[in-house]
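Notes follow once the structure below has been shown.
Nothing in this text is a laboratory measurement; each read-out follows from the coordinates by a stated rule. Since we're looking at a predicted model, the values are computed, not measured. When we count neighbours, we look across all protein chains shown, and the Cβ atoms used for this are built from the backbone with ideal geometry, even at glycine.
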Amino acid sequence: MAEKESVELFESIHAGFPSPAEDIPGKSLDIKDLLIKNPASTFFARVQGESMSGDGISDGDIIVIDKSEQARDGSIAVCYVDGEFTVKRLEFHKDYILLKPSNAKYSPIKVTADNNLIVWGIVKFVIKKF
């Protein structure tokens, strides 16, 4: 069995005026325990494009996707629609589903019974590099 890799977690870092420097040890944190609730159904993907930038998901970010999560109105989901993958916010209507980008430069995708849609998984986290 592989040994867990963990990093130190500081419970509080001030984002305002800095507090006096203190060597306060933090707790141990296994990043996988934080990001992965269901290992058998969790996947990582690198984002390409800027259609979800309004939700803080940018080109090159890595998203953590859980396929076991239920799709709900407002969920950010990885969808397979008509043979292509896309990341969009779900908006359920009586006769159709809108796949909504969060960047106004992009148009929503209206999905009806004529389309082939699979909600592949729900985005749980975004990993960014600054």
Check: What's the FRET efficiency of Ala71 with Ile31 using the Cβ-Cβ distance as r and R₀ = 25 Å, to the nearest 0.05?
Finding: 0.45
Next item on the list: Would you please give the FRET efficiency between Asp59 and Lys94, computed as 1/(1 + (r/R0)^6) with r the Cβ-Cβ distance and R0 = 41 Å, to the nearest 0.05?
Entry: 0.75
Item checked: Net length gained if the chain between Tyr80 and Phe43 were fully extended (0.36 nm per residue, minus Cα distance) -> 11.8 nm
Notebook entry, point to check: Amide H neighbours of Phe125 under 5 Å, counting only residues 5+ apart in sequence or on other chains, H built in-plane at 1.01 Å?
Noted result: Val64
Margin query: More than 14 angstrom separation, counting every C-alpha pair in the stretch 46-121; what % is that?
Written below: 59
Item checked: Within the stretch 76-106: backbone nitrogen closer than 15 Å to the Thr112 label point (7 Å, Cα to C-beta) -> 93-99
Note to self: Could you compute the net charge surrounding Glu50? Neighbours are other residues with a C-beta less than 14 Å from the C-beta of Glu50; K and R count +1, D and E count -1.
What the structure shows: +1
